[in-house]
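Reviewing the structure listed below.
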Amino acid sequence: VGTVQVKQSAPSPQQGYTWTITFLDYKGDVPTLLVTSSLVGTGSQISVQEVRKGNALGGNFTLTYFSSVTDPIDYDAPAMAAAVTPDGSSLQEKLEALDVVGRVSVQRSGPDTEGGFSWVVTFLDNVLNSGDLPLLRGNASALTGVGAVVFTKEVTKGSNAVGDQLWLSFDPPASDNGSPITKYQVRWDTSAKFTANPADVFLTDADILYRTQRITTGAPSLAWSNNMIPATVPEIQKLKILLAGTFTLTFRGVATTTLTAGATAQTVGATSIANLEAALEALASVGSVDVSSAATALAVNAEFLVTFTAQPGALPLLQPSDLTVASVVEVQAGATNFRKEVVVFSCQATAGQVRFTYNGDNADVDFNAALTDVESSLLTLFGVEAESLSVSSVAAPPTLCSGADIQIVFDRVYGDVSLTIARKTALGADAVISPNPDASIDGVYNDNPALTMSGTFQVGYQGQYTRPLNAESSADQLRYALEDLDSIETVGVAREQSYQPLQGKVDVTEGEIFVTCSADESCDFYSAAYGLPGYMIRIGGDWYTVRTDLVSPGLSSTRLY
């Protein structure tokens, strides 16, 4: 199998996961993995789905020049003969072995993602191969791999040295700026400033005029903007008063001020519904909430619905300090498309280092390092730009192993981040790491890699069709396939992201890195209606990458960054 890359999804409501496996070393199409299930739970099952077929080039090919055919050439043949003990395997040696080919120079580039290479051949023999030469013709019948082809194209036209003629080679412009090209003008003069005796000619041959056609591939049923956005649902919990008394509510390790519950229908001395809401919103771990009830104050048998409007996704229950006075149950589990990962831990040490591990890489930090140094080390470990994560603590001075809780917020490192924090094994090292699971938050990044367009397509022109092309083909791959048709001599191909309109309109302020929703429009930035962080979005004809702000636990509800 070789090296693989594995990406794990966020858990489903039933704690199910999806793993996306990319085979980095395996060449070609990988057989489907076989699974054996030992899962428990009603209706539990496991399945394997192929997202994208693998493909790899192999075998050999031949080249024909006039009527002479080379010996078989390996698909990955080197460009030039080895300086010491050449073995005849290079493309240079294969061509120069033909009686009709003189000395050549060869440069090779590649491989591409499927193991393909490109060779640039320059004919250097001014006697045997002078002037404008016919194209080399390839035979790909001995190559292996889906869609294997040998393609040749002219890069620079050869010419004999004459006194009154000059061969002209040019590429058509990449863009016509919206107007059709009806002719090309060629001007020449003996003066670089065109002041001696300039002359010109217009080229109007239809065969060389540049025509633009736009080919768009897409899978609307898989588009993020086309009903593929799961609903964002707020968390709702119900607080019920059981007995008169006092209690606090704790959320993610932080407790409210004391709340007072009175006897049935008693309001005097009891905490009002407004004060309950204020007490919850005073917690940094909660933010804003909506509290609703038929009662106006905490009293026996009264019930209060707490809707979390600032904390996205499924949340832990509020914890009453006295379960005989109050109880809390979940009425509606929250669901979100995005939430930032937060890791909270404490460290105590007098010597040694702390090791942070992510994706097999380590960052070792001194036990007494300033948190700014910890942050810099983590930025390097994750390979991200400044402000992508932050490290903070209430400790004074803020050092790594002061014993106080340290909070790492992954603002622009997306998903459920698997960060391991441990003492680095060394003589005298004594760091004790204590995770704080109550205050930590699992990140959510609701991207399903299986919802990706795959497969092949063909392009036809004047009754001829290209070979099957992968859905992710590059501009050059499409160009080579088109120029392989007898009905096409040369084309220019540019590729960009395909796109389709989104609901809503936005307002743009020059110099800002965010847009806002226009008046009377519905944009729903909070639910990722315009894409998850890292997605591309096209605004005003330009492409931008969606990102997060540095303060919200999820996506901003009023701005798209």
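Quick notes
- Applying the Karplus relation 6.51 cos²θ - 1.76 cosθ + 1.60 with θ = phi - 60° to region 462-478 yields 3J(HN,Hα) values of 6, x, 10, 10, 5, 5, x, 10, 5, 4, 9, 4, 7, 4, 5, 5, 5 Hz, where x marks Gly and Pro.
- Take the Cβ atoms of Asp438 and Asp290, set R0 to 25 Å, and the FRET efficiency comes out at 0.60.
- In range of the label at Asp25: residues from region 347-366 whose backbone nitrogen is under 19 Å from the point 7 Å along Cα→Cβ: 359-361
- Extension gain, Ile488 back to Ile181 (0.36 nm per residue minus Cα-Cα distance, nm): 108.7 nm
- The protection proxy used here, the mean number of other Cβ atoms lying within 10 Å of each residue, ranks peptides 391-397, 425-431, 274-280 as follows, highest first: 274-280, 391-397, 425-431.
- FRET efficiency estimate (nearest 0.05) - Cβ-Cβ, Thr204 to Ala231, R0 51 angstrom: 0.30
- Taking the chain and dividing mean pair separation by its residue count, relative contact order in percent (alpha carbons under 8 Å, at least six apart): 10
- Expressed as a whole percent, the proportion of Cα-Cα pairs in the chain lying more than 45 Å apart is 42%.
- Sorting 156-165, 519-528 by their mean Cβ neighbour count within 10 Å, with the most densely packed peptide first, gives 519-528, 156-165.
- In order through region 121-133: 3J(HN,Hα) via Karplus (6.51 cos²θ - 1.76 cosθ + 1.60), integer Hz, x for Gly, Pro: 9, 10, 7, 9, 7, 6, 9, 7, 10, 9, x, 7, 9
- Among the listed pairs Lys7/Lys53; Lys27/Lys94; Lys53/Lys94; Lys157/Lys193, those with a Cα-Cα distance over 23 Å are Lys27/Lys94; Lys53/Lys94; Lys157/Lys193.
- Whole-number percent relative contact order across region 1-120, with pairs defined as alpha carbons under 8 Å at least 6 apart: 16
- Of all DSSP-defined beta bridges confined to region 236-332, some 95% are antiparallel rather than parallel.
- What the Cβ-Cβ distance of Lys424 and Val84 gives, at R0 = 60 Å and to the nearest 0.05, is a FRET efficiency of 0.80.
- Computed extension length for Lys238-Val155: 22.6 nm, one decimal, from 0.36 nm per residue of separation with the Cα-Cα distance subtracted.
- Here the Karplus curve 6.51 cos²θ - 1.76 cosθ + 1.60, taken at θ = phi - 60°, turns the phi angles of region 283-291 into couplings of 7, 4, 6, 9, x, 8, 9, 10, 10 Hz, with x standing for Gly and Pro.
- Its Cα centre serving as origin, the chain has a Cβ charge dipole (Lys and Arg +1, Asp and Glu -1) of approximately 720 debye.
- Amide H contacts of Leu259 (H built 1.01 Å from N, in plane; Pro and chain starts excluded): Phe247, Thr248 sit under 5 Å, all sequence-distant by 5 or more or on other chains.
Every number here is computed from the coordinates shown, using simple stated rules; none is lab data. What you see is a predicted model; the values in this text were computed from it and never measured. Heads up, the Cβs are rebuilt from the backbone with ideal geometry, glycines too, and the neighbour counts pull from every protein chain shown.
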